[in-house]
Amino acid sequence: MKLLHRYIFSSVFFTCVVAAGMFAFVLIVGNAFKDMIGYLLAGQLTLGAFVKLILLLVPYVGMHALPMGMLTAVLLVLGRMSAQQEITAMRAAGLSLGYVARPILTIAIIGVIVGLGINCYYMPRTRTAYRNTLSESVRKSPLNFIVPKTFIRDFPGVVVYVNVKEGAVMRDFWLWQLDDQKRVKLFARARSGHFDYVESANKLVLTLSQVSVETRDEKAPENFSTPRPIANSDQMSIDLQMDNLFGKQQFNKKLSWMTFGELLDEQSHLEASGASLGRRMPVLIALNEKIANAFTILAFTVIAIPLGIKISRKETTANLGLALALALGFYFMNVIVGWLDNQPELRPDLLLWVAPVLYIALGTWLFRRVGRA
């Protein structure tokens, strides 16, 4: 019978690896396009730095891909085995469903342990390293994002356009300053200009030469019926903050980017200072979220076992659709809990366990029903 366990174990494990890899690939591509592709195309990221950043993304996407991979694997493997009457043959040989499910639950428990390691330690470490690496890589060449013949809108309250770029010197320079409503309040055009990067202040100092400046009425900048004064100047300097481009060098670490030990220390510090439940709730949510997310693997496995046997589908599309529906339902419940983070009296930290416990309870009930059928 050990041969049967090895067969089920290897089938589910291999399928889980493939499915989790597929989901991880999709998530990595999404994060890469969102965070890195612009810097890569602008020449601010070397290929080596890009590969390093991709590797640092693996633990972050892994904590989301692993539960989905396990859910998909169990549905695919058991659905195929049930459709091909393999489950029926095992039961006819006197084997219980509990015996059949044992290697699958073993994989799930291993997955929970791996998930705890990722969520509580590796993901926070690599996520922080990812942000630091991205920031440092971009800072090594802060002027590369200035692309000729392109409107640059990354600076707060400013739009920049450069017709010709020769190293750090720009020619035919256009600049628009905007008010809070994104209306142009000042327009400047210069024959040339250059940038100086001030690392301590995380800003660029733009110096324009031979400038023509047009100012507009602050109260009605779009009123073109009134004369708009134009002034000429030999030189003009403007400070451009770069926080919108790649963040401050020393950023405040998010609670989700803290390790489990760091969160416990933060919780102890808040309790010692007499902080209210409302102030401690974000830390409590982060602590419970790390553990609950790992147990998502077990929850998905327990509910997928009876459903995979009962549905008896060997078609990949049908099982993937069921996996997606189950995952969406699970994460929708977590989204609802997230809406309660400003209401500590409802204990959203404990409500994070509703979805995993519900799926495990429902899966156990379905498993018993299938076992008696």
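What follows is calculated from the coordinates using simple rules that are stated; it is not laboratory data. Nothing here was measured: the structure is a model prediction, and the numbers come from that model. We place every Cβ from the backbone using ideal geometry, glycine too, and count neighbours over all the protein chains shown.
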- Task: Give, in nm to one decimal, the length gained when the segment between I54 and A83 is fully stretched (0.36 nm per residue of separation minus the Cα-Cα distance).
- Result: 6.5 nm
- Item | Spin-label model distance (nm) - R347 vs L105, 7 Å beyond Cα toward Cβ | 2.8
- Item | Residue-wise HN-Hα coupling along the stretch 95-106, computed from phi with Karplus coefficients 6.51, -1.76, 1.60 (Hz; x: Gly, Pro) | 8, 7, 5, x, 5, 5, 7, 4, x, 5, 5, 4
- Item | FRET efficiency, S268 to E136 (Cβ-Cβ, R0 25 Å, nearest 0.05) | 0.20
- Query: Which order do M70, M170, M81 fall in if you start with the one that has the fewest other Cβ atoms within 10 Å?
  - Reply: M81, M170, M70
- Item | Potential lengthening between V357 and R369 on full extension [0.36 nm per residue; Cα-Cα distance subtracted] | 2.5 nm
- Message: Can you give me the distance in nm between label points at N232 and V164, each placed 7 Å from the Cα along the Cα-to-Cβ direction?
- Response: 2.0
- Query: What residues of the stretch 151-167 lie in the reach of a label at Q241, counting those whose backbone N is under 11 Å from a point 7 Å from the Cα along Cα→Cβ?
  - Reply: 156-157
- Query: Which ordering of L264, L366 is given by a fewest-first count of other beta-carbon atoms within 10 Å?
  - Reply: L264, L366
- Message: I need W257, W339, W353 ordered by Cβ neighbour count within 10 Å, fewest first.
- Response: W339, W353, W257
- Note on the structure: C120 neighbourhood, Cβ < 13 Å, K/R = +1, D/E = -1, net charge +1
- Message: If I model a spin label at L3 and R191 as a point 7 Å from the Cα along the Cα→Cβ vector, what separation in nanometres do I get?
- Response: 8.9
- Message: Using 0.36 nm times the number of residues separating V198 and F33, minus their current alpha carbon distance, what extension gain do you get?
- Response: 56.6 nm
- Message: Using the Karplus curve 6.51 cos²θ - 1.76 cosθ + 1.60 with θ = phi - 60°, what ³J(HN,Hα) values do you get for each residue of the stretch 278-285, in whole Hz, with x for Gly and Pro?
- Response: x, 6, 7, 4, x, 5, 4, 5
- Report, by chain and number, residues whose modeled amide H sits under 5 Å from the one on S192, excluding near sequence neighbours (fewer than 5 apart, same chain). D172, F173, S209
- Note on the structure: The size of the Cβ-based charge dipole (Lys, Arg +1; Asp, Glu -1) of the stretch 277-366 about the Cα centre, to the nearest 20 debye, is 180
